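J.: For reference, the structure I am asking about is given below.
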Amino acid sequence: MTTQTPDTFTSPAIDAAGGLRDGFADVGDVELHYVEAGDGPLVVLLHGFPEFWYGWRRQIAPLVEAGFRVVAPDLRGYDLSSRPDRFTDYTADKVAGDIRGLIRALGAESAMVVGHDWGGTVAWTLAMNHPEVVDRLAILNAAHPRRLNEGLRNPRQLLRSWYFFSFQLPKLPERRARRGNWRFFKRFLRDARPAYTAEELDRYVDAWSQPGAATGMIDYYRAAVRLGSKQEPRPISAPTLVIWGQRDRYLGRRLAEPHHDDVPNLERVERLPSASHWVHHDEAERVNELLVDFLAPGSGSHTAA
């Protein structure tokens, strides 16, 4: 396998004065870029499509203020992380393996893991495949793999997930994505309230414009549709919180609840009626309160980094 790694650091400036530290970690076949802040129990934030670490900009400081060490990586294929050149290298189990490697590279035995969208899929998979590294699990608008597979048998959910299939064509999705200063990717973010500012969108455009990034991002969908899930879901032992924006245009509300046998330690599903798929942006203050309460040392036993 070959990978593409950005030659220069061209992402938005890291605010060192504000406590953000920039780093790279070798995790097997890929190098992951991440930002980090704070000290204390380790919390790893996993972004979705079409975001990158910056998608957690409203969560990092509140979690640090609550006493956590917060690490937000770019998943493989995104922004400044390296990009394997085959779509088969973007299956959820491989990306989950990256995060296991990152936790260990950060000097921790385990971490609390928060995932949104594709990052949520990776977080579910990490907790299934590598339970020893996940102390607590928080999922934002990402269906458990079994629920998603069930949902995709429903014509209404298939319509919601139309882009899964439009991304299967070779090269055309990438060309479409670049048109009009990345208008197609920006449309995925349009439900967020308040709307993303011009400065915030410029940061996304910078990440999307990294050489090969558009293909890496789209290859997650190529792998999911062409290869499907090769593993039987395993019960997740970690205490789990699901936060769900009810105005999600991409995922139906019924997908929020995982099966009890799959997630026996589900604490609850917290539904936010006015939030969209971008729940961590729309209802940032409430999401931060929920995360701090769920991840706080008093709510369970954690392994400090």
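J.: Among residues belonging to the range 150-171 that are aliphatic (A, V, I, L, M) and in a loop (DSSP other than H, G, I, E, B), point out the one that is nearest to residue 250 (Cα to Cα).
T.: By that ranking, first place goes to 152.
J.: Give just the number: which of (1) in a loop (DSSP other than H, G, I, E, B); (2) open to solvent by 30 Å² or more (accessible area, probe 1.4 Å) does residue 210 not satisfy?
T.: (2)
J.: Among all residue pairs at least 6 apart or on different chains, which show Cβ distances below 6 Å where the first residue, located in the range 213-235, is under 15 Å from residue 50 (Cβ atoms) and among the aromatic types (Phe, Trp, Tyr) and the second is modelled with pLDDT of 95 or more and open to solvent by 10 Å² or more (accessible area, probe 1.4 Å)?
T.: Hits for this filter: 220/118.
J.: For the range 157-177, enumerate the residues that are open to solvent by 20 Å² or more (accessible area, probe 1.4 Å) and under 22 Å from the mean Cα position of the chain (by Cα).
T.: 158, 160, 162, 164, 165, 166, 168
J.: Residue 140: over 21 Å from residue 287 (Cβ atoms) and in contact (Cβ under 8 Å) with a residue 40 or more places away in the chain, yes or no?
T.: Considered against the rule, which asks whether it is over 21 Å from residue 287 (Cβ atoms) and in contact (Cβ under 8 Å) with a residue 40 or more places away in the chain, residue 140 comes out as no.
J.: Only residues that are within 25 Å of residue 82 (Cβ to Cβ) and either open to solvent by 50 Å² or more (accessible area, probe 1.4 Å) or small (Gly, Ala, Ser) (or both): list them for the range 190-205, please.
T.: Result: 202, 203.
J.: Determine, yes or no, whether residue 27 is of a type in the set (A, V, I, L, M) and free of Cβ contacts under 8 Å to residues at least 40 places away in the same chain.
T.: No; evaluated as a whole, the condition is false for this residue.
J.: Looking only at the range 219-257, count every residue that is part of a loop (DSSP other than H, G, I, E, B), within 27 Å of residue 295 (Cβ to Cβ) and either aliphatic (A, V, I, L, M) or under 18 Å from the mean Cα position of the chain (by Cα) (or both) and tell me the total.
T.: 5
J.: Would you mind stating whether residue 118 is aromatic (Phe, Trp, Tyr), without any contact (Cβ under 8 Å) to a residue 60 or more places away in the chain and open to solvent by 10 Å² or more (accessible area, probe 1.4 Å)?
T.: Answer is no for this residue.
J.: Counting only residues that are small (Gly, Ala, Ser) and either buried (at least 21 other Cβ atoms within 10 Å of the Cβ) or at pLDDT below 95 (or both), which one in the range 263-300 is nearest to residue 51 (Cα to Cα)?
T.: 276
J.: So how many residues does the range 57-72 have that are within 17 Å of residue 206 (Cβ to Cβ) and buried (at least 24 other Cβ atoms within 10 Å of the Cβ)?
T.: Going through the range 57-72 one residue at a time, the tally reaches 1.
J.: Turning to a different aspect of this structure: List the number of the failed condition for residue 54; all other conditions in (1) of a type outside the set (Val, Ile, Thr); (2) in contact (Cβ under 8 Å) with a residue 60 or more places away in the chain; (3) closer than 22 Å to residue 143 by Cβ; (4) open to solvent by 10 Å² or more (accessible area, probe 1.4 Å) hold.
T.: Of everything listed in (1) of a type outside the set (Val, Ile, Thr); (2) in contact (Cβ under 8 Å) with a residue 60 or more places away in the chain; (3) closer than 22 Å to residue 143 by Cβ; (4) open to solvent by 10 Å² or more (accessible area, probe 1.4 Å), residue 54 misses just condition (3).
J.: Which residue is most open to solvent (accessible area, probe 1.4 Å), if the candidates are limited to the range 73-94 and must be hydrophobic (A, V, I, L, M, F, W, C), closer than 18 Å to residue 221 by Cβ and touching a residue at least 60 places away in the same chain (Cβ under 8 Å)?
T.: If we take residues in the range 73-94 being hydrophobic (A, V, I, L, M, F, W, C), closer than 18 Å to residue 221 by Cβ and touching a residue at least 60 places away in the same chain (Cβ under 8 Å), then 87 is most open to solvent (accessible area, probe 1.4 Å).
The values are calculated or read from the model by the stated rules, or taken from the named source; none is laboratory data. What you are looking at is a predicted structure, and each value in this text was computed from that prediction instead of being measured. Cβ: placed from backbone, ideal geometry, glycine included. Neighbour counts: every protein chain shown. Side chains are part of the model used for accessible areas, which takes the heavy atoms of the whole protein and leaves out ligands, DNA and RNA. Shrake-Rupley method; radii C 1.70, N 1.55, O 1.52, S 1.80 Å.
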